[in-house]
Amino acid sequence: RQDIGKITTGTNCLDTLFDGGVETQALTEVYGEFGSGKTQFAHTLAVMVQKPKTEGGLDGGVLYIDTENTFRPERIVSIAQAHEMDPEKVLDRIIVARAYNSAHQTLILEEAGPIIEENNIRLIVADSAVGLFRAEYLGRGTLSNRQQKLNHFVHMLSRIAETYNCAAIATNQVMASPDVFFGDPTRPIGGNVVAHTSTYRIYFKKSGKKRIARMVDSPHHPEEEVIFALGEAGVMD
Ligand code: ATP
Ligand code: MG
């Protein structure tokens, strides 16, 4: 079995929260309301994983499963520049797989093995992992049918992360201010399937121009909050 790797987030505060960085052989769920920084965080990791090991990366490539057309090459360019990396080379090592529907999203993962091996992929991003499932199964079929399909996807993501020594990130949008409505901000609505399968869960919250990140339910991280910012360099201290 290979050693677990860690990917620096490029920020001291989030690295502290993650106890060094985002781990391989694990699925990390990032959830929070719109605009809280989930996609920016994923873009930042897609750059940082490419850093050499001496600088907190894994010298690895990225498989970015893009479900809602949220991948932005220009953000990668600006984050790479901020971290003194060659933007062209960084973009070259990110394989973007656009998922057209939830079945296609699942198929991409089913066929990912050889792509991961050939390209030394160390990070898999499923941005808005739940979005297509949520949209497609709205008002048709049963809820359990949707949950079953989503469950299959999330378990496969987790298994691939373990098999290929990759970090897997699944982002999940939750309603704004769930704490106001439901009393517990740590519980994503309709996204519990992802929560059950995730090794680590992190909650992002807007606070004016700043953002708050909280590690939730981790067996060996302190329940802690840090404040970070979003900017040209992606997530920032
Ligand atoms: P959603 O649930 O809608 O997908 P999200 O959590 O993925 O939301 P992001 O897209 O990661 O949210 O964050 C959007 C925020 O990132 C913007 O509101 C802005 O504050 C910040 N942002 C994006 N690009 C830049 C940039 N180039 N410079 C500074 N801040 C930026
Ligand atoms: Mg997003």
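None of the figures in this text is laboratory data; all of them are computed from the coordinates on show. Treat the numbers as computed from the prediction; the structure is a model and nothing was measured. A quick note on method: Cβ atoms are made from the backbone with ideal geometry, for glycine too, and the neighbour counts reach across all protein chains shown.
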Calculate, in nm to one decimal, what Asn101 and Ile227 gain on full extension: separation in residues at 0.36 nm each, minus their alpha carbon distance.
41.9 nm
Of the residues Gln50, Ser78, Ile108, the Cα lying farthest along the dipole of the chain towards its positive end, which is defined by charges on the beta carbon of Lys, Arg, Asp and Glu, belongs to Ile108
So, with +1 on the Cβ of K and R and -1 on the Cβ of D and E, and no other charges, what is the size of the charge dipole of the stretch 17-96 about its Cα centre, to the nearest 20 debye?
60 debye
Evaluate the charge dipole of the stretch 5-148 about its Cα centre and quote only its size in Debye, nearest 20, assuming +1 on the Cβ of each Lys and Arg and -1 on the Cβ of each Asp and Glu.
320 debye
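Give the calculated FRET efficiency between Met156 and Lys53 to the nearest 0.05, with a Förster radius of 35 Å applied to their Cβ-Cβ distance. Could you put the intermediate results ahead of the total?
On the way: r = 28 Å, r/R0 = 0.79.
For Met156 and Lys53, the calculated efficiency is 0.80.
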Cross-link reach from Lys38 to aspartates and glutamates, straight Cα distance under 12 Å and at least 8 residues apart if same chain, gives Glu29, Asp127
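So if we plug the beta-carbon distance of Ala82 and Glu136 into 1/(1 + (r/R0)^6) with R0 = 41 Å, what FRET efficiency do we get, rounded to 0.05?
On the way: r = 37 Å, r/R0 = 0.90.
Efficiency at R0 = 41 Å is approximately 0.65.
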log₁₀ of I(q)/I(0) at q = 0.11, 0.12, 0.15, 0.16 Å⁻¹ - the chain, Debye sum with one point per alpha carbon:
-0.50, -0.61, -0.98, -1.13
Below 8 Å, C-alpha to C-alpha, sequence gap of six or more: please give me the relative contact order for the stretch 7-60 in percent.
36 percent
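Which of the residue pairs Lys6/Lys205; Lys6/Lys89; Lys89/Lys149; Lys149/Lys209; Lys53/Lys149 have a Cα-Cα distance greater than 31 Å in the structure shown? Numbers along the way, then the final one.
On the way: Lys6/Lys205 24 Å; Lys6/Lys89 21 Å; Lys89/Lys149 36 Å; Lys149/Lys209 37 Å; Lys53/Lys149 36 Å.
Over 31 Å apart, Cα to Cα: Lys89/Lys149; Lys149/Lys209; Lys53/Lys149.
When the helix-only estimate is applied to the chain (DSSP H runs of n ≥ 4, each -39,500 (n - 2.57), divided by the residue count), what is the mean residue ellipticity at 222 nm, nearest 500 deg cm²/dmol?
After summing the helix terms and dividing by residue count, I get -10000 deg cm²/dmol.
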So what is Rg over Rh here for the stretch 40-138, counting just Cα atoms and using Kirkwood for Rh?
1.00
